[in-house]
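Since every read-out is calculated from the coordinates, none of them should be taken as a lab result. Note that the coordinates shown come from a computational prediction; the quantities given were computed from them, not determined experimentally. Positions of Cβ are backbone-derived with ideal geometry, glycine not excepted, and every protein chain shown enters the neighbour counts.
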Amino acid sequence: MIYIIKDKEFDLCKIGYSCNPIERIRSFQIGKNNLETILIMPGGRDREKKLHEMFSCRRVTHPNPRSFIGNGWTEWFRLRPNEISRIRNSYIKKLDSMQEKLDELEHMDIVHKRNEEILYGVIQSLEDTMDKIKELYMSKFWEDKQAGMDRDIFKDEIALELIEYKRYSKLRK
């Protein structure tokens, strides 16, 4: 996580990285009441490095060592309020963009589930219809057979329908 803290006494900001930024910030506050947490945001050492490079001309190379407890004292910068706002606004824009993408994905998920339900209903309806057709064909076949009518063509139609039904059932699975 990237953190930015401000020492109000010296008007300096520290841009740092820590896996546990809250603890890291607390380590700087030992004996100091003038530190303010400006921002904590996701990011790794690469993002920290980019921020350091972005504000390299504002880096404080020789801070007062008595005022900074803990190591990493070279990561202090004299940032203007508009520069801090720029970092904060950039982060907010990224959050907004990520939220838009999440909303879009959530909407797509809802549409996908709705389409799945519709498709399942259509498949179920087709299966029910195929079962009814199969029953009708079989009952007609047995009626004709009992009446002594043996139609080869009719048998072939039933066979073709059953083959199509089986193929359709396999595709569904």
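Numbers for the structure displayed
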quantity	calculated
Ser90-Ile22 pseudo-label distance in nm [points 7 Å out on the Cα-to-Cβ vector]	2.7
Residues with amide H under 5 Å from that of Leu12, placed H, sequence gap 5 or more	Asp7
Virtual spin-label span in nm between Asp46 and Gln124, 7 Å along Cα→Cβ	4.7
Total charge dipole magnitude, the stretch 1-40, about the Cα centre, Cβ charges on Lys, Arg, Asp, Glu only, Debye to nearest 20	80
Highest to lowest packing among 17-26, 112-121, 2-11, 128-137, scored as the average C-beta count within 10 Å	2-11, 17-26, 128-137, 112-121
